[in-house]
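Peer 1: Starting off with a structure, shown below.
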Amino acid sequence: MSTITIDNEEYKLEDMSERAKGLATHCRDLQAKIMTKQMDLEQSITARNAYVADLKSELQKEDKPEAAE
């Protein structure tokens with residue numbers, strides 16, 4: 001038996017009209033897309049932070065005067 005929870009209330013899909021079932025399907029699909037996009041955003045932020053750290057490190061190397069030979 002499949003259910004959907006809205007505002008802390010559980011509803012059985014088998015008791016819903018066809019239209020309500022379709023709307024519930026859209027809600028579930030959109031929730032999955034939101035979760036995927038949130039994960040993508042977190043990964044992008046992490047990657048960007050790594051590139052910024054790499055760039056800072058590289059710039060610090062360039063700013064240091066070369067040792068006298």
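The values are calculated or read from the model by the stated rules, or taken from the named source; none is laboratory data. Remember, it's a predicted structure, so these values are computed and weren't measured experimentally. Cβ sites come from the backbone with ideal geometry, for glycine too, and all protein chains shown count toward neighbours. These area figures cover heavy atoms from the full protein model, side chains too; ligands, DNA and RNA do not enter into them. Shrake-Rupley method; radii C 1.70, N 1.55, O 1.52, S 1.80 Å.
Peer 1: Quick check on my filter: what residues within the stretch 7-52 are assigned to a helix (DSSP H, G or I), of a type in the set (Lys, Arg) and either within 26 Å of the chain's Cα centre (by Cα) or surrounded by 10 or more Cβ atoms within 10 Å (Cβ to Cβ) (or both)?
Peer 2: As a first pass, look at the stretch 7-52 and keep what is assigned to a helix (DSSP H, G or I): 13-15, 18-52.
Cutting the leftovers down to of a type in the set (Lys, Arg) gives us 19, 21, 28, 33, 37, 48.
Of everything in the stretch 7-52, those that are assigned to a helix (DSSP H, G or I), of a type in the set (Lys, Arg) and either within 26 Å of the chain's Cα centre (by Cα) or surrounded by 10 or more Cβ atoms within 10 Å (Cβ to Cβ) (or both) turn out to be Lys21, Arg28, Lys33, Lys37, Arg48.
Peer 1: Exactly one condition in (1) open to solvent by less than 70 Å² (accessible area, probe 1.4 Å); (2) at pLDDT 95 or above is not met by Lys56; state its number.
Peer 2: (1)
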